[in-house]
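The values are calculated or read from the model by the stated rules, or taken from the named source; none is laboratory data. Just so it is clear, the structure is predicted and the values come from calculations on it, not from any experiment. Cβ coordinates were reconstructed from backbone atoms using ideal geometry, including for glycine residues, and neighbour counts include every protein chain displayed. SASA here: full protein model, heavy atoms, side chains in, ligands and nucleic acids out. Shrake-Rupley method; radii C 1.70, N 1.55, O 1.52, S 1.80 Å.
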Amino acid sequence: MRVVFMDTLAVCIIFRGLWNVPFIANAYLVNATVLKRYNRRQLNFDKPNLDADMAFCSNLRELDVFMYVSNRVDYGHLINPDTYDVTRTEPDMYQIFDNAIDWEERYIHKEYPENFNPEKEPKQPCPDVYWFPIVSRKFTRALIHMMESFGKWSSGKNEDDRLEGGYEAVPTRDIHMTQVGWDKHWLHFLDKYVRPLQEKVFIGYSHESPRSLMNFVVRYRPDEQPLLRPHHDSSTYTINIALNEVGIDYQGGGCRFIRYNCSVVDTKIGWILIHPGRLTHYHEGLLVTNGTRYIMVSFVDP
Ligand SMILES: *[C@@H]1O[C@H](CO)[C@@H](O)[C@H](O)[C@H]1NC(C)=O
Ligand SMILES: *[C@@H]1O[C@H](CO)[C@@H](O)[C@H](O)[C@H]1NC(C)=O
Ligand SMILES: *[C@@H]1O[C@H](CO)[C@@H](O)[C@H](O)[C@H]1NC(C)=O
């Protein structure tokens, strides 16, 4: 006869095994023969001066029913529903802190770990412009959905009251992460998933946590803003994630690095471009001739 208990106790993560224990709580797996063998009077969770879980275990001990902690089989993991907010558009996107395992499973590109394969050279479509798979299609769809349902795209004018100085020299049609309450999440994403890539290709440059004040999704389309004139970014390095597909969702577009006369036009959905910001990589957003192009941009370490 046995009662098996499962939980993610720290000890169980380190060692595989089965432990006979005097007390269990929270989650029980009970062999039905135990329930059938004893009556309600013997098998209850009522005892003077004891909490229900203590009383239950005490009764089991008296009946010689053994209790075990087991982690021999992976049954999955518990999710934390505390901060799940159904009023959000794409509530799962906001779970990067509280349900990190599920978040990563859902939103990180399946090939992301391969970026760290020492046998593989990182892709470099233009000098010092690196290219990595980073987020899943679910992520790209969710982020566009968050932005389009929020809907307050900027005017594309120089005056921008979302910025401290109230002025943007090279304005785009965009929505900032702060506007959809996703800035802390984004900074965490930068630290956890982008920083290791940056450290891999720009060796010797490292910051405890990447800082970034300008984090936004840009929308390019022919009838609104179809391109972006040449500019420098106010960043140490800039990241640019393609959120939809060239040739399918839009025609044209891409990024041209003027100093090298080098363009990245065959952008790949869910892939990130990382390039130096303010000195060597003077660049422009190429003309979108049809459809809508979305990119996610951050100016890291301004
Ligand atoms: C449940 O208990 C019965 C009786 O002790 C035993 O024969 C059976 O193997 C147990 N089942 C499991 C899944 O442990
Ligand atoms: C830049 O590249 C394009 C296409 O690769 C080429 O047609 C053009 O002549 C180049 N311009 C300069 C100034 O080298
Ligand atoms: C323009 O985009 C629409 C929808 O995205 C598509 O149906 C159409 O074929 C495209 N036109 C051209 C010329 O590519």
Hits in the stretch 21-40 (condition: outside any strand (DSSP E or B) and not aliphatic (A, V, I, L, M))
Pro22, Phe23, Asn26, Asn31, Thr33, Lys36, Arg37, Tyr38, Asn39, Arg40
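In the stretch 245-262, how many are part of a loop (DSSP other than H, G, I, E, B) and over 25 Å from Leu143 (Cβ atoms)? So that I can check it myself, show each step before the final result.
Initially, the stretch 245-262 is screened for residues part of a loop (DSSP other than H, G, I, E, B), giving 245, 247-249, 253-254, 261.
Those still in the list that are over 25 Å from Leu143 (Cβ atoms) too: 261.
Going through the stretch 245-262 one residue at a time, the tally reaches 1.
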Mind telling me which of the residues Arg293, Arg195, Arg259, Arg229 ends up being surrounded by 15 or more Cβ atoms within 10 Å (Cβ to Cβ) and free of Cβ contacts under 8 Å to residues at least 60 places away in the same chain?
Arg195
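Using the structure shown, decide if Tyr205 is at pLDDT below 95, outside any helix (DSSP H, G or I) and of a type in the set (Phe, Trp, Tyr). Spell out the reasoning first.
Values: at pLDDT below 95: yes; outside any helix (DSSP H, G or I): yes; of a type in the set (Phe, Trp, Tyr): yes.
Against the criterion (at pLDDT below 95, outside any helix (DSSP H, G or I) and of a type in the set (Phe, Trp, Tyr)), Tyr205 qualifies.
What is the residue count in the stretch 65-105 for residues that are on the phi > 0 side of the Ramachandran plot and either in contact (Cβ under 8 Å) with a residue 40 or more places away in the chain or assigned to a helix (DSSP H, G or I) (or both)?
Taking the stretch 65-105 and keeping what is on the phi > 0 side of the Ramachandran plot, we get 76, 90.
Now drop any that are not either in contact (Cβ under 8 Å) with a residue 40 or more places away in the chain or assigned to a helix (DSSP H, G or I) (or both), which leaves 90.
So the answer is 1.
Is one or more of the residues making up the stretch 221-244 of a type in the set (Lys, Arg), outside any strand (DSSP E or B) and within 16 Å of ligand 3 (Cβ to nearest atom)? If you could, list the steps in order and put the result at the bottom.
Restricting attention to the stretch 221-244, the residues satisfying the condition of being of a type in the set (Lys, Arg) are 221, 229.
Pick out the ones that are also outside any strand (DSSP E or B) and you get 221.
From the residues that got through so far, the ones that are within 16 Å of ligand 3 (Cβ to nearest atom) too are 221.
Scanning the stretch 221-244 turns up at least one residue that is of a type in the set (Lys, Arg), outside any strand (DSSP E or B) and within 16 Å of ligand 3 (Cβ to nearest atom).
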Tell me, yes or no, whether the stretch 102-117 has at least one residue that is open to solvent by 30 Å² or more (accessible area, probe 1.4 Å) and either at pLDDT below 95 or of a type in the set (Phe, Trp, Tyr) (or both).
yes
Given the criteria aromatic (Phe, Trp, Tyr) and under 17 Å from Trp131 (Cβ atoms), does Phe257 qualify?
yes
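Condition check ((1) under 12 Å from the mean Cα position of the chain (by Cα); (2) under 27 Å from Ile203 (Cα atoms)) across all residues:
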{"residue": "Arg88", "(1), (2)": "no, no"}
{"residue": "Met93", "(1), (2)": "yes, no"}
{"residue": "Ile101", "(1), (2)": "yes, no"}
{"residue": "Glu105", "(1), (2)": "yes, no"}
{"residue": "Asn115", "(1), (2)": "no, yes"}
{"residue": "Pro118", "(1), (2)": "no, yes"}
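Residues that are β-branched (Val, Ile, Thr), open to solvent by 10 Å² or more (accessible area, probe 1.4 Å) and either in contact with a His (Cβ under 6 Å, 6 or more places away or on another chain) or away from ligand 2 (no atom under 16 Å from the Cβ) (or both): does the stretch 209-225 have at least one?
Of the stretch 209-225, the ones β-branched (Val, Ile, Thr) are 217-218.
Among the residues that remain, those that are also open to solvent by 10 Å² or more (accessible area, probe 1.4 Å) are: none.
Within the stretch 209-225, none of the residues are β-branched (Val, Ile, Thr), open to solvent by 10 Å² or more (accessible area, probe 1.4 Å) and either in contact with a His (Cβ under 6 Å, 6 or more places away or on another chain) or away from ligand 2 (no atom under 16 Å from the Cβ) (or both).
Anything in the stretch 262-277 that is touching a residue at least 60 places away in the same chain (Cβ under 8 Å) and not β-branched (Val, Ile, Thr)? List them, or say none. Quick ask: steps written out before the conclusion?
Initially, the stretch 262-277 is screened for residues touching a residue at least 60 places away in the same chain (Cβ under 8 Å), giving 262-264, 268-276.
Passing the criteria: Cys262, Ser263, Lys268, Gly270, Trp271, Leu273, His275, Pro276.
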Any hit, the stretch 150-172, residues being in a helix (DSSP H, G or I), farther than 30 Å from Tyr260 by Cβ and aromatic (Phe, Trp, Tyr):
yes
